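> Quick one: structure below, then a few questions.
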Amino acid sequence: MSKFNLYISAAVAASTGALFGYSVGFVGGLLVLPSFLRHFHLDVLSPSELARSQSLVVSSWIIGAFFGVPTGIPICSRFGRKACLMFSASIYVIGAIFQVINIDSALWLFEIGRFLNGYGVGAGTLVSPIYISEISTPSDRGMLMSSYQVVIQGCALVGFWGAYAANAAIANSSDWQWQIPVAVQLVPGIALLVGTLYIKETPHYLAVKKDLVDVENTLSWFRGLPTSDFVIKAEAREISMTVHSGIRRQATRRTPFLREALANPIRKRLITGVGLFIAQNLSGMNALNYYVAIIFLTAGFKTVSASLFLTGIFGFVKLFSALLFMFACVRIKGNRFWLMWGTGACAVSMFVLGYCVATMPSSSEGEDGSPDRVRSTLAVLSVYIYATAFGVSAGPIAWNVCSEIFPTHLNAKCCAVTTCTQWLFQIIVAAITPILLASIGPMTFVFYGACNVLGMLFYYFLVPETRGIALGQEMSRAFGQEDFKDDGAIEEVEDVDDETPLLRAAERRRRRSSVAIVV
């Protein structure tokens, strides 16, 4: 049995993670490149005006992503997962072109490109996990979903170091210094667009739109088995029965989504999911993602080269923490343990960073005239410790919990609400961070440290343990809801054939595994 088509298709879908990761990674360094500041006349602005301009560059991308998520829902439903992947790549590439061919130093045109860029990424963050999940076998699904997270962090690392390389290799007087890191966005965008020409639609979507034969043919292509194989026929029937059972239930439900979501059985779960993403963003990681190079300058590293080098190391630390969580932490302790201890470490790191920056001499020199290496080094270590702690706590766990806690028939819409919350608070954090840095300076980090303390209280009182808990009645009991029944659960599909219980058991085991998407 050859799974070549399965792995290639998953890799193509995971390429939206490359769009996401690189866009997050390179922008922090871009904002301090001398050529970028000169080209857009940002070098003549006052600190407050510069902060507002930097905030718009970052926020325009996140606003685009926020609106891209709901746009992806009807495209996925009406035209398919593959079509949504093509849409994501196309809009992303158009946005990158707008940024590269900027005319007359117009920052507003660059920001339009950033908005379109983010719009494509937002649709991609919705469809890629769905596509990968629907094409995977139970035994491969956890690994393939986790690869999406690794792609995000790996390409963020490329973005961090790309800005450093451009600053080191290209003269400050050349526009190529900032245009090359921006143009690199075209590479993963075009690769995804070309890749979608090869892959096939998911069998779950085909089960809605076409007959069983099309589902069997597609499964045969993904699994590397003939359509006559018993495994293919059993899986095709399982998918068809599950999908059409869900359609029948949906047709008989007359309760509007908002009313059902705000009713007691679901309200507590929705509060948990929304609260997790609010706490995740207010912990300060996205402040570091977008402005870490500026923060290192504030912490005493006065050369752009040194700041960008440390930013590149920051990318390595984030990738390390993502791998650490994926292969170790998630197997050792439950979600609540890592949320509490990791967020506590984040709070301490932010307080220490604030202290170091607040007590840093204005010239970054000690009394003897030498650089104040102790405070500068401690500030850098605080950022790296924070990144590690976040990467094994709120970063991945917010995504994991939100993918587990909602009943099947409401899962897509509830996850859309929580994902939009995530992007909304990214917008808020990206918008206020440069303004806070310019107005209250080191107290910015104290503010985020305090938010982490509040986050710990939220996790302790309102987030139940979900690790290892199956969907349906067990998840209801975790939220103290003994009488709530998940009518949409796959486990309730009956009368498929003798192979169905085996497929169902594998699906339940897969659902218990954790999948991390860290930003």
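> Could you give the size of the charge dipole of the stretch 1-224 about its Cα centre, using +1 on the Cβ of each K and R and -1 on the Cβ of each D and E, expressed in debye and rounded to the nearest 20?
420 debye
> Right, here's the next one. On a 32 Å Cα-Cα criterion, which of the cross-link pairs K200/K268; K209/K413; K3/K209; K200/K333; K318/K413 come out too long?
Correct reply: K200/K268; K200/K333.
> In the stretch 41-117, which trypsin sites (Lys or Arg not before Pro) are in a loop and have at most 13 other Cβ atoms within 10 Å, using DSSP for the loop call?
none
> What is the stretch 58-103 by shape, rounded, prolate or oblate, if you read a ≥ b ≥ c off the alpha carbon gyration tensor as root eigenvalues and call it rounded for a/c under 1.5, prolate for a/b larger than b/c, and oblate otherwise?
Cα axes put the stretch 58-103 in the oblate bin.
> Assign unit charges at the C-beta atoms only (+1 for Lys and Arg, -1 for Asp and Glu), then state the dipole size of the stretch 1-105 relative to its Cα centre in Debye, rounded to the nearest 20.
Computed about the Cα centre, the dipole is about 540 debye.
> Using the charge dipole of the stretch 1-224 (Lys, Arg: +1 at Cβ; Asp, Glu: -1 at Cβ; taken about the Cα centre), state which of A13, S53, S88 has its Cα farthest towards the positive end.
Of the listed residues, the answer is A13.
> Give the order of Y164, Y205, Y7, Y460 when sorted by the count of other beta carbons within 10 angstrom, beginning with the fewest.
Y460, Y7, Y205, Y164
> OK, next. Which of the listed residues, H204, A163, L186, is farthest toward the dipole's positive end in the stretch 99-214, when Lys, Arg count +1 and Asp, Glu count -1 at the beta-carbon?
Among H204, A163, L186, the one farthest towards the positive end of the dipole of the stretch 99-214 is H204.
> Still on this model: For the residues I152, I266, I271, what sequence is obtained by ranking on other C-beta atoms within 10 Å, fewest first?
Least to most surrounded, the residues fall as I271, I266, I152.
> Debye calculation, C-alpha points only, no solvent: report log10 I(q)/I(0) for the stretch 1-224 at q = 0.07, 0.15 Å⁻¹, in the same order as the q values.
Computed log10 I(q)/I(0) values: -0.25, -0.91.
Each reported figure results from applying straightforward, stated rules to the coordinates on display, with no laboratory input. Fair warning: this is a prediction, and the values are worked out from it, not measured in the lab. Methodologically, a virtual Cβ is constructed for each residue, glycine included, from the backbone with ideal geometry; neighbour enumeration extends over all protein chains shown.
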